[in-house]
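The structure under discussion appears below in the form of structure tokens.
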Amino acid sequence: CSLNALFSFCCNSGVMSLLRPLLLDVVPTIQQTAALALGRLANYNDDLAEAVVKGDILPQLVCSLSEQNRFYKKAAAFVLRAVGKHSPQLAQAVVQCGALESLAICLEDFDPGVKEAAAWALGYIARHNSELSQAVVDAGAVPLLVLCIQEPEIALKRIAASTLSDISKHSPELAQTVVDAGAIAHLAQMILNPDAKLKRQVLSALSQIAKHSVDLAELVVEAEIFPVVLTCLKDSDEYVKKNGATLIREIAKHTPELSQFIVNAGGVAAVIDCIGSCRGTVRLPGIMMLGYVAAHSENLSMAVIVSKGIPPLCTCLVEEQEDHLKAAAAWALGQVGRHTPEHARAVAVANVLPTLLSMYMDTHSSEDLQLKATLKNILQKCTYLPALEPLLQDAPPNIMKHIVGQFSKVLPHDSKARRLFVTTGGLKKVQEIKAEPGSLLQEYINTINNCFPEEIVR
């Protein structure tokens, strides 16, 4: 509370107007200290950042960027970063005062710390939206950032890779600009760097490039990131694991051919192991990657099954507390089971259908989880009746029609299944179902009843 009061006092007491003249002081140390104070104030919240803008301080900082020593340049870049980080509007104010060109020039400075401060400021501006990111590109920053990731200083490599990621994420055109500057090859070479924070940023940048289109994903793959990237899934750093899985997901989602390439490289098995070894949101990209692979074709879905991908997906469904993680696991299981009766049976024998039904019917489940847990994709292919029979007790009518529909397809042609259906009480449950006369559900029930003598049905 006292800190909030202090910053509120600074905002309302004209401190900005007092600090501004100090930026022009004849003593360099005073200039740098004043800039650093402004940066810390602006960094605290958007109101103080707005006060820096209204105080007409930014143009003064920008003019000094090309004239002052390295200590001042770092402090000035910090102020620009602190202002630009809060919102697109404040970032636009930084752009309008001509800061981008000066920051781009700082990327060529002899001092690595100045380069790092400039790259950081550019990244905070670019991350907001495609227009601001394009402004950073137009200032000529991308080729210089690519040079920065080749510098020996780890801190500079990290922030340059992060800024390239922020530029790439908004559109295919911006990602292509980064690619055209030769970034992919240099980023790919750093996947095995021992520095975990650098690996996080490198994997993120490659993901942001690969996500946009098949062509961009193929360019990332052609940089020979496989099987090297699979080692990241075993990394001790959770964010390296997550970003590595995200990169594989962004490649796999595009085409069956790219997914098949990943399968051949051992990517599905590696992702399955990764899901089993971690918890929480780190699992999410791996779960989705399996869903994307399985969605493409019967063969790719079978590759997920053969690699024993269903048990960890079921575990995620039961263990995780967050609905969005449960929804992703439910969706992935639906993609695995939707192709043929064989695929549906592989999901059904894992005894996950009652869990999915329970989540669908739970009023506390999110709308997305209820949508993903509908079972429709699996039920329409599932002919493994022992897994369907327990669902007859509780399923709502919109799900029940799919369950009963599968029984009506199998029972007329399978005498053993008919006998079991009677002895296990399945036929009795069907008689208890209240269906609208003339409805599809009633037609299915009639078809089932016609498979048995009338006295057994009674």
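List the lysines whose alpha-carbon lies under 27 Å from that of Lys416, not counting same-chain residues fewer than 8 positions away?
Within the straight-line limit of under 27 Å, Lys416 reaches these lysines: Lys376, Lys381, Lys401, Lys428, Lys429, Lys434.
Based on DSSP H runs of at least 4 residues, each adding -39500 (n - 2.57), what is the mean residue ellipticity at 222 nm of the chain after dividing by all its residues, to the nearest 500 deg cm²/dmol?
-21000 deg cm²/dmol
Calculate what fraction, in whole %, of the accessible area of the chain sits on carbon and sulfur atoms when a 1.4 Å probe is rolled over the protein chains. Don't jump to the answer; show the numbers that get you there.
Details: 10630 of 20280 Å².
Within the chain, the accessible surface is 52 percent carbon and sulfur.
Using the Cβ atoms and a cut-off under 15 Å, what net charge is assigned to the surroundings of Leu233, where Lys and Arg are +1 and Asp and Glu are -1?
Residues close to Leu233 contribute a combined charge of +3.
Roughly speaking, what is the stretch gain from Gln442 to Gln89, that is 0.36 nm per residue apart minus the C-alpha to C-alpha distance, in nm to one decimal?
Working: separation 353, 0.36 × 353 = 127.08 nm, distance 5.99 nm.
Here the answer is 121.1 nm.
Calculate one ³J(HN,Hα) per residue across the stretch 345-357 by plugging θ = phi - 60° into the Karplus curve 6.51 cos²θ - 1.76 cosθ + 1.60, and present them in order as whole Hz with x for glycine and proline.
Running phi through 6.51 cos²θ - 1.76 cosθ + 1.60 with θ = phi - 60° gives 5, 4, 6, 5, 5, 6, 6, 9, 5, x, 5, 4, 5 Hz.
Would you please name the GluC sites (Glu not before Pro) within the stretch 76-148 that are DSSP coil residues with at most 14 other C-beta atoms within 10 Å of their C-beta?
The qualifying sites are Glu108.
So, R0 is 41 Å and r is the distance between the beta-carbons of Leu420 and Glu238; what FRET efficiency does that work out to, to 0.05?
About 0.30, to the nearest 0.05.
At 7 Å along Cα-to-Cβ for each site, give me the label-to-label distance between Ser277 and Asp362 in nm.
Taking the simple label geometry, Ser277 and Asp362 are separated by 2.9 nm.
I'd like to check one number: the per residue accessible area of the chain, probe 1.4 Å, reported in Å² as a whole number.
For the chain, the solvent-accessible area averages 44 Å² per residue.
Which whole-number percentage describes the relative contact order of the chain, with Cα contacts under 8 Å and a sequence gap of 6 or more?
Worked out over the chain, it gives 6 percent.
Roughly how many debye, to the nearest 20, is the charge dipole of the chain about its Cα centre, given +1 on each Lys and Arg Cβ, -1 on each Asp and Glu Cβ, and no other charges?
Values: 40 positive and 46 negative charges, 256 e Å.
Dipole size: approximately 1240 debye.
What spacing in nm lies between the two simple spin-label points modelled at His413 and Lys434, each 7 Å away from Cα in the Cβ direction?
Here the modelled spin labels are 3.5 nm apart.
So what's the gap between the Cα centers of the stretch 128-151 and the stretch 380-458, to the nearest angstrom?
63
The values are calculated or read from the model by the stated rules, or taken from the named source; none is laboratory data. All of these numbers come straight from a predicted model, not from anything done at the bench. With ideal geometry, Cβ positions are generated from the backbone for all residues, glycine too; neighbour counts draw on all protein chains shown. Protein only, heavy atoms only, side chains kept; ligands, DNA and RNA dropped before computing areas. Shrake-Rupley method; radii C 1.70, N 1.55, O 1.52, S 1.80 Å.
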